[in-house]
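See below for the structure under consideration.
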Amino acid sequence: MDIKESMRHILEAESRAIQAIPVTDAYEQAVDLIVEHVHNHGGKLVTSGMGKAGQIAMNIATTFCSTGTPAVNLHPSEAQHGDLGVIQPDDVLLLISNSGKTREIVELISLTRELYDTPLPIIVITGNPTSVLAAEADVVLATGGAPEVCPLGMTPTTSTTVMTVIGDVLVVNVMDRTGFTRAEYAKRHHGGYLGQVSRKG
């Protein structure tokens with residue numbers, strides 16, 4: 001298989017995976033939680049994942065920040081060494097794990113439950129909706145579990161693509177729900193091309 005043929009195969013496989021993401025009422029519930037806790041009660045969204053999923057969690061957090069929803073990314077290992085202190089009572093957790101059993105993420109849930117009398121709401125993005133992590137969540141956003149396009153079937157490739165798309169769905173719908181405007185966008189982008197474009201017109 002040459003590179004162009006391989007590229008077509010990858011594009012087709014990842015496109016199918018995106019189309020196969022389950023469209024459920026869970027998205028409405030997730031958006032409700034984020035709007036209620038962050039926008040109505042002054043909390044923030046706290047994302048977390050390990051490894052490649054952690055990079056997606058960080059991307060989702062920064063995208064939320066730039067679109068008017070305060071968010072931070074918490075590394076699950078660093079949380080065990082003091083960074084857990086970033087979590088406040090009105091926050092919402094968005095945890096990402098393809099397997100749904102990543103040890104550091106499961107442990108993070110236990111740690112956060114010891115912080116306050118009222119447990120923080122938990123949204124989980126996972127490829128395994130029957131996992132231990134999913135069982136602990138208030139809302140489960142399943143990726144559909146499509147196989148990785150990696151020739152070994154192991155490297156996070158397809159899974160991270162669908163996680164990113166799910167993050168985009170959440171961001172866009174929270175923007176719609178909160179009425180986030182171009183003017184508000186401009187306030188958060190003072191540099192670069194997007195900063196210039198957002199202030200035109």
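The values are calculated or read from the model by the stated rules, or taken from the named source; none is laboratory data. Being a predicted model, the structure only gives us computed values, none of them experimental. Positions of Cβ are generated from backbone atoms using ideal geometry, with glycine treated the same way; all protein chains shown enter the neighbour counts. When the accessible area is computed, the model is the full protein with side chains, heavy atoms only, and any ligands, DNA or RNA have been set aside. Shrake-Rupley method; radii C 1.70, N 1.55, O 1.52, S 1.80 Å.
Quick notes on this one:
- Count of Lys pairs (Cα-Cα under 30 Å; at least 8 positions apart or interchain) in the chain: 7
- Apportionment of accessible area to carbon and sulfur, segment 1-159, percent (1.4 Å): 53
- Directionally averaged projected area (segment 1-118, Cα convex hull): 9.4 nm².
- For the chain, modelled as a GNM whose springs connect Cα atoms under 10 angstrom apart, the maximal fluctuation among GLY51, GLY144, GLY82 occurs at GLY82.
- For segment 101-201, the pair-distance distribution built from all alpha carbon pairs, in bins 10 Å wide starting at 0, is 13, 28, 28, 25, 7 percent.
- The loop-placed trypsin sites (Lys or Arg not before Pro) in segment 96-141, going by DSSP, that have at most 16 neighbouring Cβ atoms within 10 Å of their Cβ come out as LYS101.
- On a per residue basis, segment 72-154 carries 49 Å² of accessible surface, using protein heavy atoms and a 1.4 Å probe.
- Anisotropy class of segment 37-100 from Cα gyration tensor, a/c 1.5 cut: oblate
- Note that the chain shows a convex hull volume over its alpha carbon atoms of 144 Å³ per residue.
- Comparing ASP25, ASP168, ASP91 in a Gaussian network model of the chain, where Cα atoms under 10 Å apart are tied by springs, the biggest mean-square fluctuation is seen for ASP25.
- Estimated purely from DSSP H runs of n ≥ 4, each contributing -39500 (n - 2.57), the mean residue ellipticity at 222 nm for the chain is -14000 deg cm²/dmol once divided by its residues.
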